[in-house]
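Single-structure report; data block below.
The values are calculated or read from the model by the stated rules, or taken from the named source; none is laboratory data. What you see is a predicted model, and the numbers here were worked out from it, not measured in a lab. Every residue, glycine among them, receives a Cβ derived from its backbone with ideal geometry; neighbour counts consider all protein chains shown. Heavy atoms of the whole protein, side chains included, go into the accessibility calculation; ligands, DNA and RNA do not. Shrake-Rupley method; radii C 1.70, N 1.55, O 1.52, S 1.80 Å.
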Amino acid sequence: MTAPPRRPRLHVVAVSHLDTQWRWTVRDTIERHLPATLAENFRRFEEFPNYVLAFDGSFRYRLIEQCYPEAFVALERWVRAGRWTVAGAFVDAADVNLPHPESLVRHVLLATRYFRQRFGIRPRDIFLPDCFGFGAALPTVADHCGLSGFSSQKLGRGRASGPLPFALGVWEGVDGSEVVASLDPGGYGEMLQGDLSGDARPGGPPVAQRYFGVGDTGGAPGAASLAWLERSLASRGEIEVRVGKSAQLFDDLGEDERRDLPRHRGELLMRLHGPGCYTSLAPMKRWNRRNERLARTAEAVALAAHRVAGVPYPHRKLNAAWERFLWHQFHDDLTGTSVPAAYSYSLRDEALSHADFGDVLRSRFDAVAAELDTATQGIPLVVFNPLAGDREDLVEFEFEGREGAGEALAARAPDGVTVACQRVDRPGVRSRWIFPARIAGLSFAVFEILDGGGTETPPLPCGGEISPRAIARGEFRVGLDEQGRLASLTASGREYLGRPIDLQFLPDVSRRFPAWEIRHEDVSAQPVAVVGGPGRIEVEDAGPWRLRLRVERLGEGSRFVDHVELAHGFPGVQVWSEVDWRTRGRLLKLAVSVPWTDAQATYGLGWGAIERGVNTPESYEVPAQQWTSLQSPAAGQGLGILEDCKFGWDRPTAETLRMTWF
């Protein structure tokens, strides 16, 4: 006997969407929005016996637990009853283009630990109804963390940078990892206005997801919507309606159903409402990047101190510091789209986490150093390489000695090789010096600093040539033009620039959402102006290990100071820029062009990389993490561009990449 055909299923998710910060601060969320969300939903549970709520963010649960302990006890009862469900596995509804993927893993780790300890449950999905685009590394994060699904309503209604690949399907990441993705579940703030069991369409999908509810201040869905939900659940229409947690669809999906789903490989970005988020409010992005880096280093040193010196590993302090800045990766916080008052909380928390990571790093570093053999003739200097691989780079240290001391210093490596140190500041009692060192990955090494006043030091080797318009060191040569622009970059005699590097001012017009938006017509316009000259150029460092020029220029009321250097251990030119930004109503982009017309562009994603073409009206301003590159298969050459904390890029022509600074 043939089994009757299975009815199509509609998984309904009731959403109480709450922006922790946006047009209000976290204090407003604590004092107004969370209490209202609790009270309104507890009342709805009593009125509508089949109503099930999905509410996300372990940080917000922790706020409830700390600020409203009696209400939290009631919340626990509703969780046990299956009426209040945990949505998603993040600390908060984070942006996923700006944080490093390791931070997203930490979201899952800390949120999962919290929900297991408090409720005995493990979330199984990434639930991001309102974020501004999703990079191709996200399926890898989900798969790595054992999560079964991803859902968002943000890409619907033509907001994606291209056609939506499906409503429900399998999304493949850059490494082939997969996650089932619901990309068009309807708006989280929509009402239910009819019987959902009668909406079957010929040839429609056998499984679908539907959001409804309220946003952006939390609360509970209206009584009219919940009445229609009750009717839909009781109906025997063409569609089987189910209501439950945000991951219910993914948990209930059969292998045969998953096998038949459409597939998409690549990224899912926003076209207009989102590209500005890659650049808005630069201080937040820099603090976030600094904390991500410092956290990893502090953890590595703390683990070494535990193994070498028996010092307890500071789990609680590190996890608290992680959570304190992770929740500020929230999609209206790190992105720079909240009201100014919100950032008094955000920047303070970033600084507090940075201080805690730094305290762990210093105390555990001292513990390891105490276990090392530092009995040297000179002054012992302990150096740590936080990278996983071997590293040859410059070590910078401060020397403080008696008057007349420190006129010539040398550094002796553990293998006995001694090199001269280069002074990189002005004379005085305190002085700063650099020397080259090679250290294995995640390793400590003890160097011996020798004072030339009492110890013979080797002479400084010839490190290259420098003048106000050129620097040459090893195979690299950098040339500046009369405006102070970097006009030539050669390696082994081969030119890598097609034209001088420009800082371009472009229009920046947004009618409604200036922090979110960058328009295609603005990045397509001719520059309004460029940072010009003549530049004020002076030699800053002229030693064997580092050659550096200081270039000061003005443009559109802002002041720009570039430190252009060639240094031992770095295969290229480094430019450190300081900007006193006083220009309004303009984008500022760094334009780098190569001499190859067949150039291909690759963008780092934190985990993996992706290739993209030139700007189109649908896809122009795009995110990248830490690096991009232009490479020519025909020439066999390539130029990589590394960045410290800038994430927005566009590619107006095949041979030009532009990094958005402001």
Rounded to whole Å and ordered largest first, report the semi-axes of the equivalent ellipsoid of the range 332-393 derived from its Cα gyration tensor (root of 5λ).
-> 38, 15, 9
Per-residue accessible area, 1.4 Å probe, largest first, puts E392, E267, E611, E475 in the order E611, E475, E392, E267
Normalised by the residues of the range 2-74, what does the relative contact order come to in percent, with Cα pairs under 8 Å and at least six apart?
-> 36 percent
Can you grab the distance from the C-alpha centre of the range 631-662 to the C-alpha centre of the range 287-319, Å, no decimals?
-> 34 Å
Over the chain, what is the relative contact order in whole percent, taking alpha-carbon pairs under 8 Å and six or more residues apart?
-> 12 percent
Taking the square root of 5λ for each eigenvalue of the C-alpha gyration tensor of the range 8-162, the equivalent ellipsoid has semi-axes, largest first and in whole angstrom, of 25, 18, 17
Cross-link reach list, lysines versus K317, counting only Cα pairs under 28 Å and skipping chain neighbours closer than eight places | K285
Can you give the accessible area of L587, probe radius 1.4 Å, in Å² rounded to 10?
-> 10 Å²
Give the relative contact order (percent, whole number) for the range 501-626; include only Cα pairs under 8 Å separated by 6+ residues.
-> 22 percent
Centre separation in Å (Cα based) which lies between the range 552-585 and the range 85-146 = 37 Å
Förster-model FRET efficiency, 41 Å R0, E578 and A36, C-beta, rounded to 0.05 | 0.35
How high is the FRET efficiency between A224 and S510 when r is their beta carbon distance and R₀ equals 41 Å, given to the nearest 0.05?
-> 0.70
When the solvent-accessible surface of protein heavy atoms is calculated with a 1.4 angstrom probe, in what order do V530, V395 fall, highest first?
-> V530, V395
For the chain, which DSSP H helices look membrane-span-like by this rule: Cα extent along the axis of 18 Å or more and mean Kyte-Doolittle of at least -1.0?
-> 34-47, 101-119, 282-309, 342-371
Heavy atoms of D260: accessible area, 1.4 Å probe, square angstrom to 10 | 120 Å²
Based on the Cβ-Cβ distance from Q483 to D425, what FRET efficiency comes out when R0 is 35 Å, to the nearest 0.05?
-> 0.80
Would you compute the Debye intensity of the range 529-619 from its alpha-carbon atoms alone, equal scatterers and no solvent, and pass along log10 I(q)/I(0) at q = 0.17, 0.19, 0.20, 0.26 Å⁻¹ to two decimals?
-> -1.04, -1.11, -1.12, -1.21
What order do you get for 100-111, 535-546 when each peptide is scored by the mean count of other beta carbon atoms within 10 Å, highest first?
-> 100-111, 535-546
Nearest 20 debye, what's the magnitude of the dipole of the chain about its Cα centre given +1 on Lys and Arg Cβ and -1 on Asp and Glu Cβ?
-> 1180 debye
Ranking by accessible area, most exposed first, for H306, H315, H273 with a 1.4 Å probe | H315, H306, H273
Keeping all protein chains in place, calculate the accessible area per residue for the range 260-303 (probe 1.4 angstrom), answer in Å².
-> 39 Å²
Points 7 angstrom from Cα along the Cβ direction at R438 and A525: gap in nanometres?
-> 5.3 nm
Cut-off 15 Å between beta-carbons: net charge of the residues surrounding E578, Lys and Arg +1, Asp and Glu -1 = +1
With 0.36 nm assigned to each residue of separation and the Cα-Cα distance removed, K317 to R362 gains 14.8 nm
For the range 54-84 versus the range 218-286, the gap between their alpha-carbon centres in whole angstrom = 22 Å
Give a residue-ordered list of calculated ³J(HN,Hα) values for the range 486-503 (Karplus: 6.51 cos²θ - 1.76 cosθ + 1.60, θ = phi - 60°; whole Hz; x for Gly, Pro).
-> 6, 9, 8, 9, 10, 9, 6, x, 9, 7, 10, 10, x, 7, x, 6, 10, 9
Charges only on Cβ, +1 for Lys and Arg, -1 for Asp and Glu: so what's the dipole of the range 138-290 about the Cα centre, in debye to the nearest 20?
-> 880 debye
Rg (Å, one decimal) plus Dmax (Å, integer) for the alpha carbons of the chain?
-> 28.3, 100
At q = 0.20, 0.21 Å⁻¹, work out log10 I(q)/I(0) for the range 180-331 with the Debye formula, treating every Cα as an identical point scatterer and leaving solvent out; two decimals please.
-> -1.26, -1.32
Identify, among F150, L63, S16, the residue whose Cα sits farthest towards the positive end of the charge dipole of the chain, taking +1 on the Cβ of Lys and Arg and -1 on the Cβ of Asp and Glu, with the dipole about the Cα centre.
-> S16
Quick one: Kirkwood hydrodynamic radius for the range 258-358, alpha-carbon pairs, angstrom, one decimal?
-> 15.8 Å
